[in-house]
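Written out below as structure tokens is the structure these notes cover.
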Amino acid sequence: MLRCVCVGRGRHVAEEHGKTLARDGLATLEWLERYFERVRELPVLAQVEPGEIRARLPEHPPEQGEPFTNLLRDLDDVLLPGLTHWQSPRFFAYFATCASEPAILAELLVAGLNNVGILWRTSPALQELEQVTLAWLAELIGVPAGWHGQLEDGASISTIAGLAAARHTRPDRPVVVCSEHAHSSVEKACRLLGLEVRKTPADEAFRLRLDALDLTDACAVVATVGTTSSTSVDPVAPIADACEEHGVWLHVDAAYAGSAMVCPEHRWAFEGIERVDSLVVNPHKWLLTTQGCSAFWTRHPDELREAFSVIPEYLRTPDAVVSLSEYGPALGRSFRALQLWAVLRCYGREGLQAAIRNAVGLAETFEVWVRDEPGWELCAPRPFSVVCFRREGSDDDNAALLERVNARGEVFLSHTKLDGRFVLRLAVGNLRTTEEDVRRAWDVLRQEAT
Ligand SMILES: Cc1ncc(COP(=O)(O)O)c(C=O)c1O
């Protein structure tokens with residue numbers, strides 16, 4: 001592309017740029033297509049040593065611009081061995097994610113348009129599509145109509161937004177209450193906001209224990225629907241009762257499991273959702289979008305706006321509309337609503353339900369294999385698509401087993417601790433994962449265990 005600069009005059013630059021875009025764009029899409037064809041066969045967890053990739057990269061930037069295709073070549077030759085393949089159907093670690101084709105293509109358009117939503121007028125379509133898309137998603141997952149919705153980069157930022165609004169409503173109360181299984185983003189948000197975290201013990205199914213809920217000095221409770229370790233579900237409705245009684249803001253972190261609410265059979269986990277004050281669901285975890293797509297809603301937009309709105313002179317306009325930048329930590333927002341819109345349109349309710357059900361069904365199949373095999377143990381109830389299990393033996397034995405399994409590169413799993421014990425996790429979330437892939441994981445586990 002730097003060749004364009006050498007052309008000199010503006011018209012030629014633009015023409016050359018257009019041609020390069022189409023040619024290199026096609027090469028890039030072809031690269032991606034080949035990648036998806038072979039990704040199942042690539043080592044899922046990168047099999048390199050720290051510093052190995054860095055050592056293969058030039059120490060200094062080039063003086064002259066290079067053709068874009070050099071990048072694609074280096075992607076294959078230099079970077080690929082150092083990638084852990086999150087798009088692999090055999091990626092079973094953490095929460096398995098999946099960037100679908102509509103989301104990938106929409107992200108390309110987002111980049112091409114490069115809209116910066118600092119104000120409504122800097123891209124009315126960006127803001128209004130975001131609002132419509134969030135309302136669509138709310139309808140699909142059973143969030144009441146009319147709530148204020150916006151996209152943030154991740155659940156961590158959405159939780160900061162929710163807790164900042166909570167602090168604003170109760171500045172005299174410095175405590176945020178959550179379960180011992182709440183995600184670390186809650187603690188981080190509290191650190192940033194000058195709030196204190198009070199962790200509440202969980203019950204035998206890893207849900208926040210109501211009888212241990214202490215709301216003294218609390219401005220907010222964070223309930224989790226789908227905790228990171230075991231995907232347990234805190235009881236939202238009774239927590240809402242307690243919050244209402246004590247005038248405490250209730251934020252729900254459904255970063256992972258919120259997407260499953262497109263299926264009526266999972267809606268039990270959202271019982272009471274209409275009474276919460278704010279909510280986060282990450283389509284980039286389990287709803288087929290690319291990274292950087294976290295949906296945040298609140299039924300108190302005025303409080304949220306009061307917590308965040310700062311308008312310097314250069315951003316004042318006579319427009320009779322409030323900009324989304326007044327409702328969160330960031331000023332500029334990208335047009336990422338386009339990728340969520342693309343996913344919702346190209347899959348529709350039925351397609352999204354099928355994706356969730358495929359993942360849950362495969363997790364269920366794996367769970368049965370573990371349950372029925374002597375020497376293996378299930379370690380937590382499985383409400384969604386994550387199975388927590390372990391092999392008989394010590395924590396060290398299980399940790400070593402996990403290392404051996406991942407070192408083979410055929411599958412990638414991760415771990416957690418439950419009740420103080422080392423536990424393996426198998427998380428399903430990729431559209432292309434089949435029973436054969438899950439079977440492979442089980443075979444590798446059993447081979448490495450003996
Ligand atoms: C329950 C839960 N909340 C929040 C987060 C943080 O999400 P993000 O990476 O989008 O900030 C995670 C990450 O896995 C999570 O599992």
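The values are calculated or read from the model by the stated rules, or taken from the named source; none is laboratory data. All figures in this text were calculated on a predicted structure; none of them were measured in a lab. Here Cβ is always computed from backbone atoms with ideal geometry, including for glycine, and neighbour counts include all displayed protein chains. Remember, those area values only see protein heavy atoms, side chains included, never the ligands or the DNA or RNA. Shrake-Rupley method; radii C 1.70, N 1.55, O 1.52, S 1.80 Å.
Tabulated values for the structure
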item: Whichever lysines have a C-alpha closer than 24 Å to that of Lys285, once near sequence neighbours (fewer than 8 apart) are set aside; result: Lys188, Lys417
item: Net length gained if the chain between Arg446 and Glu306 were fully extended (0.36 nm per residue, minus Cα distance); result: 44.8 nm
item: Label-point separation, Glu436 to Asn114 (7 Å along Cα→Cβ), nm; result: 4.3 nm
item: Shape call, the stretch 272-311: gyration tensor on alpha carbons, a/c limit 1.5; result: oblate
item: Neighbourhood net charge (9 Å Cβ-Cβ; Lys/Arg +1, Asp/Glu -1) for Ala441; result: 0
item: Unit charges at the beta carbon, dipole of the chain: most positive-side option, Cys178, Pro318, Asn358; result: Pro318
item: Accessible surface of the stretch 103-344 [probe 1.4 Å, protein heavy atoms]: carbon and sulfur percent; result: 53 percent
item: DSSP-loop GluC sites (Glu not before Pro) across the stretch 149-248, with at most 11 other Cβ within 10 angstrom; result: Glu204
item: Charge tally in the Cβ shell below 12 Å around Leu134, where Lys, Arg are +1 and Asp, Glu are -1, Leu134 excluded; result: -3
item: Rounded, prolate or oblate (a/c below 1.5 giving rounded, otherwise prolate when a/b exceeds b/c) for the stretch 103-344 by Cα gyration tensor; result: oblate
item: Normalised contact order of the stretch 151-212, rounded percent, pairs of Cα under 8 Å and 6 or more residues apart; result: 33 percent
item: Extension gain (nm, one decimal) between Arg357 and Arg38, 0.36 nm per residue minus Cα-Cα; result: 112.3 nm
item: Spacing of the two label points (7 Å from each Cα toward its C-beta) at Ile53 and Asp241, in nm; result: 5.0 nm
item: Part-to-part distance (alpha-carbon centres) for the stretch 134-182 and the stretch 248-262, which is given in Å; result: 9 Å
item: Heavy-atom accessible area per residue - the stretch 12-84, 1.4 Å, Å²; result: 72 Å²
item: Residue-count net charge about Ala400 - beta-carbon cut-off 13 Å; Lys, Arg +1, Asp, Glu -1; result: -2
item: Per residue solvent-accessible surface (Å²) - the stretch 103-344, probe of 1.4 Å; result: 39 Å²
item: Neighbour-limited loop hits for trypsin sites (Lys or Arg not before Pro), the stretch 195-300 (at most 15 other Cβ within 10 Å; DSSP other than H, G, I, E, B); result: Arg209
item: Distance in nm between pseudo-label sites at Lys199 and Tyr314 (7 Å out along the Cβ direction from Cα); result: 4.4 nm
item: The stretch 386-447, accessible area per residue, ligands and nucleic acids excluded (1.4 Å, Å²); result: 39 Å²
item: Cα gyration tensor category, rounded, prolate or oblate, for the chain with a/c compared to 1.5; result: oblate
item: Whole-Hz ³J(HN,Hα) from phi, Karplus 6.51 cos²θ - 1.76 cosθ + 1.60, for the stretch 122-128, glycine and proline x; result: 6, 4, x, 5, 4, 5, 6
item: Heavy atoms of Ile157: accessible area, 1.4 Å probe, square angstrom to 10; result: 60 Å²
item: Rel. contact order, % - alpha carbon contacts under 8 angstrom, at least six apart, the stretch 103-344; result: 29 percent
item: Relative contact order of the chain, pairs being alpha-carbon contacts under 8 Å that are 6 or more residues apart, as %; result: 21 percent
